[in-house]
Amino acid sequence: MLSLGTPAPGFRLPNPATERQVSIGDFADAPALVVAFLCNHCPYVRHIRDALAYFGRDCERLGVAFVGINSNDVRAFPADAPAKMVTEARSAGWTFPYLFDETQVVARGHQAACTPDFYLFDADRRLVYRGQFDDSRPGNGRPVTGGELRRALQAVLNGQPVPARQLPSMGSNIKWKPGNEPGYFNR
């Protein structure tokens with residue numbers, strides 16, 4: 001997992017919905033930045049998709065930057081292709097930018113492992129939270145609240161320490177292109 005205190009990895013990625021590039025610099029004035037690794041077909045993302053729409057709108061209201069990033073290999077998983085990202089974002093009511101990381105460089109920079117996977121950076125763009133949205137999973141009967149990420153964000157906005165208890169996300173593995181898998185370059 002990416003170490004707390006790590007500077008936010010830079011990015012400049014296309015937003016298929018607007019056909020414009022979005023960069024981390026576009027959010028320089030935001031008091032916090034949330035980066036979520038998502039995809040269209042993951043059952044764990046689909047489980048929280050409505051709550052993500054609400055969370056995204058809450059972020060907008062608070063002036064917090066929130067971006068979703070799809071890093072999956074679309075050759076192997078065509079359901080995650082950019083045109084289908086546009087359809088999914090509209091269907092889900094996502095108003096946040098949903099960006100496409102075709103090279104998977106941004107996912108590797110965040111050490112993202114699965115979808116969904118969440119990262120919260122403070123105003124100085126230092127990592128203060130990485131982990132799960134909440135403890136709800138498909139089939140476990142727990143409500144989807146986004147509670148863990150919301151508590152961390154509220155702490156940042158209130159100038160308080162983020163809770164030290166941070167549990168990793170659970171979901172579907174990022175679908176890496178051959179040769180991009182974590183550890184591939186360390187062999």
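Considered as a group, the residues in segment 168-187 that are of a type in the set (A, V, I, L, M, F, W, C) and at pLDDT below 95 include one that is surrounded by the fewest Cβ atoms within 10 Å (Cβ to Cβ), and that residue is Phe185. On the given criteria, is Val162 more than 17 Å from Arg46 (Cβ to Cβ), at pLDDT 95 or above and surrounded by 17 or more Cβ atoms within 10 Å (Cβ to Cβ)? Considered against the rule, which asks whether it is more than 17 Å from Arg46 (Cβ to Cβ), at pLDDT 95 or above and surrounded by 17 or more Cβ atoms within 10 Å (Cβ to Cβ), Val162 comes out as yes. Any idea which residue in segment 120-141 is modelled with the highest pLDDT, counting only those that are of a type in the set (Gly, Ala, Ser) and surrounded by fewer than 18 Cβ atoms within 10 Å (Cβ to Cβ)? The qualifying residue modelled with the highest pLDDT is Ala123. It is to be established whether one or more residues within segment 6-16 are surrounded by fewer than 20 Cβ atoms within 10 Å (Cβ to Cβ), out of contact with any Phe, Trp or Tyr (no Cβ under 8 Å at 6 or more places or on another chain), of a type in the set (Val, Ile, Thr) and within 23 Å of Leu127 (Cα to Cα). Yes, that holds for at least one residue.
Do the conditions hold for Val144, that is, is it among the hydrophobic types (A, V, I, L, M, F, W, C), touching a helix residue (DSSP H, G or I) at 6+ places or on another chain (Cβ under 7 Å), closer than 18 Å to Leu4 by Cβ and crowded, with 17+ Cβ neighbours inside 10 Å? For Val144, the condition - among the hydrophobic types (A, V, I, L, M, F, W, C), touching a helix residue (DSSP H, G or I) at 6+ places or on another chain (Cβ under 7 Å), closer than 18 Å to Leu4 by Cβ and crowded, with 17+ Cβ neighbours inside 10 Å - is not met. Listed by first and then second residue, the pairs linking a residue in segment 88-115 that is touching a residue at least 60 places away in the same chain (Cβ under 8 Å) to a residue that is β-branched (Val, Ile, Thr) and assigned to a loop (DSSP other than H, G, I, E, B), with Cβ atoms under 7 Å apart and 6 or more places separating them unless they lie on different chains, are Ala107/Ile174; Ala112/Ile174; Ala113/Ile174; Cys114/Ile174; Thr115/Ile174. Only one entry in Ala53, Ala36 is closer than 18 Å to Leu127 by Cα, outside any loop (DSSP other than H, G, I, E, B), of a type in the set (A, V, I, L, M, F, W, C) and in contact with a helix residue (DSSP H, G or I) (Cβ under 9 Å, 6 or more places away or on another chain), namely Ala36. If only residues of segment 141-183 that are in contact with a strand residue (DSSP E or B) (Cβ under 6 Å, 6 or more places away or on another chain) and part of a loop (DSSP other than H, G, I, E, B) are counted, the one that is nearest to Cys114 (Cα to Cα) is Gly171.
Here Ala30 qualifies as in a loop (DSSP other than H, G, I, E, B), aliphatic (A, V, I, L, M), at pLDDT 95 or above and touching a strand residue (DSSP E or B) at 6+ places or on another chain (Cβ under 9 Å).
Inclusion of Thr103 among residues that are surrounded by fewer than 19 Cβ atoms within 10 Å (Cβ to Cβ) and of a type in the set (Ser, Thr, Tyr) is warranted. Kindly indicate whether Val22 is assigned to a helix (DSSP H, G or I) and touching a residue at least 60 places away in the same chain (Cβ under 8 Å). Answer is no for this residue.
Applying the condition of being in contact with a helix residue (DSSP H, G or I) (Cβ under 7 Å, 6 or more places away or on another chain) and buried (at least 17 other Cβ atoms within 10 Å of the Cβ) to segment 58-90 and asking which residue is farthest from Ile174 (Cα to Cα) yields Val64.
The values are calculated or read from the model by the stated rules, or taken from the named source; none is laboratory data. The structure presented is a predicted model; accordingly, all values stated were derived computationally and were not measured. Positions of Cβ are backbone-derived with ideal geometry, glycine not excepted, and every protein chain shown enters the neighbour counts.
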